[in-house]
Structures are given as C-alpha cells and as structure tokens.
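The structure appears below as structure tokens.
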Amino acid sequence: MKDLTWIKDNYIAHRGFHSLDKSIPENTLIAFKKAIDYNYSIELDVNITKDGQVVVFHDINLERLCKVDINLSDVTYDEIKGFHILNSNEKIPLLSDVLELVKGKVPLLIELKTKGHNRLLCESFVKTMSNYNGEYAIHSFSPWIVHWFKKNEPDVIRGQIAEYFKSNTKMNSLVKLLMKRMTFNRYTKPDFINYGIKDLPNKYATKFHNEGVCVISYTARNYLEFNLVKKHYDNAVFEFFRPEIEEH
C-alpha cells in the first residue's frame with residue numbers, strides 16, 4: 001500500500017527553499033539544505049544529459065540559469081559541471097549529489113522533465129534511485145512517463161501534472177484539451193494529481209478529488225494562495241514564503 005500522507009500533509013518547497021532575489025537559486029544544494037533546515041519536503045526537477053547523467057535542473061537549455069545557450073541533450077555532464085548558476089557559487093548537481101545530501105531526512109517530490117530522451121531518463125533515474133532508502137514520489141507532465149512507471153516501477157508513487165496550458169502556443173488544441181482534462185489518467189492511473197494553481201479550482205481536478213485521488217497544486221507564492229488550494233484539495237507546493245509561520 002502506497003503511503004501518500006506526506007504528499008497531502010507536509011510542507012513541500014518548490015525547487016528547494018530558493019529565494020525570490022535569486023541569492024539562493026532554484027534546484028541547488030544550498031536551496032535543498034535550507035529546505036532540510038526547515039524540515040520541508042523538497043520538490044525538484046530532473047533532466048538527462050547527452051551521456052545519460054541525471055541532473056537536477058528545470059530547463060532543457062542553460063541560457064536562463066547559466067547564461068550559456070546550449071541544450072542539456074547536446075552536452076555531457078563533464079562539459080557543464082563547472083558552470084555557475086546565476087551569480088552564485090552553486091553548480092548543477094547530479095541527482096546522486098542531492099540524494100547524498102538529503103539521505104532520507106525529508107521526502108522528495110521529483111519531476112521528470114519531458115523534453116529530452118524520456119526512456120533514457122526513466123531508466124537512468126530508476127538506476128540512480130535503486131539504493132536510496134528515503135521517501136520519494138515522481139510526477140511528470142508526460143502521461144507517457146507516468147505510464148512507464150505504472151508498467152515498470154508500479155511500487156513508486158506516481159503523479160500527473162496538469163494545467164490548462166493557456167500560454168503554450170505550440171501545443172495542439174486537441175492535446176491541450178486531453179491534457180487539461182487528464183483523459184490519459186484512465187490508462188496511467190496516477191496516485192496523485194498536481195494541478196497548476198492558476199487554473200484551480202476546476203471541475204476536472206474536483207472530479208478526481210471526489211473519487212478519492214489526492215490533488216495538490218503548484219505553485220503557491222503566498223499564504224492566501226496556499227490556503228485557497230487547501231480549502232478545495234489536499235496540498236500546495238510553495239515558494240518564497242514560509243507557510244507554517246502564517247498558518248500558526
């Protein structure tokens with residue numbers, strides 16, 4: 001039996017406890033240390049490099065965070081491991097580096113990104129996690145990835161990420177409709193849903209919630225947003241504030 005208690009009840013820091021002024025950058029070891037200090041669960045992103053290394057990094061391109069216009073899929077980890085993130089001393093960590101830091105102190109909510117080699121990412125991810133004893137769950141925008149875990153790693157807690165995709169001008173309108181309605185859930189059977197906060201509450205998320213599926217949201221940036229989600233659903237991933245201070 002999968003235990004989703006921590007997904008429903010824990011405070012979950014988006015990309016670690018990073019800062020609005022970017023002095024503590026997202027998805028870095030310092031952001032994860034801060035989260036551990038506050039006993040927050042950690043949400044983080046993983047991508048795959050050309051040589052199959054699982055890196056903790058949100059974007060497929062390094063321009064936004066490293067000021068270098070290259071794609072992760074075109075470089076090996078050795079080629080990028082020296083790059084600094086923004087103006088900090090932090091560098092792009094391997095997932096294995098993060099696991100060594102966390103060591104089960106707090107649960108991990110790990111998003112598998114969808115713009116690289118999905119099968120290689122899934123297989124490399126599972127290999128990296130094989131000896132990790134801490135609590136964790138995966139989630140992804142890709143129903144293919146969610147289904148891969150259903151088929152190949154059914155004991156891993158898996159979640160479907162969704163939203164209305166209003167700003168995505170490249171997505172086919174039919175695909176957009178199927179994704180926002182989470183039509184693929186009937187095949188992928190996610191254990192939980194993580195729905196974009198801008199599009200909540202909505203009838204699709206509410207339907208699944210009424211059927212007993214755990215529904216959380218991303219990303220609350222203040223306590224009003226956090227509390228709104230909690231009124232309708234189970235939990236919200238947060239950033240840039242400390243929800244337990246406001247809550248109490």
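Taken over the alpha carbons of region 23-76 as equal point scatterers, the Debye sum produces base-10 log I(q)/I(0) values at 0.27 Å⁻¹ of -1.05. Less than 5 angstrom separates the built amide H of Ile70 from those of Leu62, Glu63, all sequence-distant by 5 or more or on a different chain. In this simple spin-label approximation, Arg186 and Asn61 carry label points 7 Å from Cα along the Cα→Cβ vector, and these lie 3.8 nm apart. Compute the distance from the alpha-carbon center of region 82-132 to that of region 11-30, in whole Å. With region 82-132 and region 11-30 each reduced to a Cα centre, they are spaced 15 Å.
Tell me, in nm to one decimal, what length is gained between Asn71 and Thr206 on full extension, where the rule is 0.36 nm per residue of separation less the Cα-Cα distance? Write out the running numbers ahead of the final one.
Values: separation 135, 0.36 × 135 = 48.60 nm, distance 3.72 nm.
The span from Asn71 to Thr206 would gain 44.9 nm if fully extended.
Extending 7 Å from Cα along the Cβ direction at Leu177 and again at Leu20 yields two label points whose distance is 4.0 nm. 3J(HN,Hα) along region 60-76, derived from phi through the Karplus expression 6.51 cos²θ - 1.76 cosθ + 1.60 where θ = phi - 60°, amounts to 7, 10, 8, 4, 4, 9, 10, 6, 10, 8, 9, 8, 4, 5, 9, 10, 8 Hz, with x in place of Gly and Pro. For His18, the amide hydrogen comes within under 5 Å of the amide hydrogens of Phe240, counting only partners 5 or more places away or on other chains and with H modelled in the peptide plane.
Between region 48-80 and region 227-248, the C-alpha centres lie 32 angstrom from each other. From helices alone, the chain scores -9000 deg cm²/dmol at 222 nm; the rule is -39500 (n - 2.57) for each run of n ≥ 4 DSSP H residues, then divide by the residue total.
Could you tell me whether region 102-248 comes out rounded, prolate or oblate from its Cα gyration tensor? Rule is a ≥ b ≥ c as square roots of the eigenvalues, rounded for a/c under 1.5, then prolate if a/b exceeds b/c, otherwise oblate. Oblate is the answer for region 102-248, as a/c is 1.5 or above yet b/c matches or exceeds a/b. Annotation: amide H of Tyr136 within the under-5 Å range of Leu108, sequence separation 5 or more or interchain, hydrogens built in the peptide plane. Choose one answer from Gly16, Gly134, Gly82: the residue with the largest mean-square fluctuation in a GNM of the chain with alpha-carbon springs under 10 Å. Looking only at Gly16, Gly134, Gly82, the largest GNM fluctuation is found for Gly82. Listed by chain and number, the aspartates and glutamates placed with their C-alpha closer than 16 angstrom to that of Lys67 are Glu26, Asp59, Glu79, Glu90; residues fewer than eight positions away on the same chain are left out.
How would you classify region 58-128 from its alpha-carbon gyration tensor, with a ≥ b ≥ c the square roots of the eigenvalues: rounded for a/c under 1.5, else prolate if a/b is greater than b/c, otherwise oblate? Walk me through the numbers before you get to the answer.
On the way: a/c = 1.94, a/b = 1.21, b/c = 1.60.
Verdict is oblate for region 58-128.
Taken one residue at a time, the phi angles of region 84-96 give Karplus couplings (6.51, -1.76, 1.60, θ = phi - 60°) of 8, 8, 6, 9, 9, 8, 6, 10, 6, x, 6, 4, 4 Hz. Gly and Pro are set to x.
First obtain the Kirkwood hydrodynamic radius of region 1-140 from its Cα pairs, then insert it into the Stokes-Einstein equation at 20 °C and 1.002 mPa s, and state the resulting D in µm² per second as a whole number.
On the way: Rh = 15.1 Å.
Answer, rounded: 141 µm²/s.
Compute the normalised compactness of the chain: alpha-carbon radius of gyration over 2.2 N^0.38 Å, N being the residue count. List each step's numbers first, then the result.
Details: Rg = 17.2 Å, N = 248, 2.2 N^0.38 = 17.9 Å.
Working it through for the chain, the quotient is 0.96.
Say the cut-off is 19 Å between C-alpha atoms; which of Lys33/Lys115; Lys180/Lys203; Lys22/Lys180; Lys33/Lys91 go over it? Walk me through the numbers on the way to the answer.
Working: Lys33/Lys115 28 Å; Lys180/Lys203 10 Å; Lys22/Lys180 31 Å; Lys33/Lys91 14 Å.
From Lys33/Lys115; Lys180/Lys203; Lys22/Lys180; Lys33/Lys91, over 19 Å: Lys33/Lys115; Lys22/Lys180.
Would you mind ranking Asp51, Asp69, Asp199 so that the residue whose beta carbon has the fewest other beta carbons within 10 Å leads the list?
Asp69, Asp51, Asp199
Coordinate-derived values only; no laboratory data. Bear in mind that the values here come from a model prediction, so they are computed numbers and not experimental data. Cβ atoms come from the backbone with ideal geometry, glycine included; neighbour counts cover every protein chain shown.
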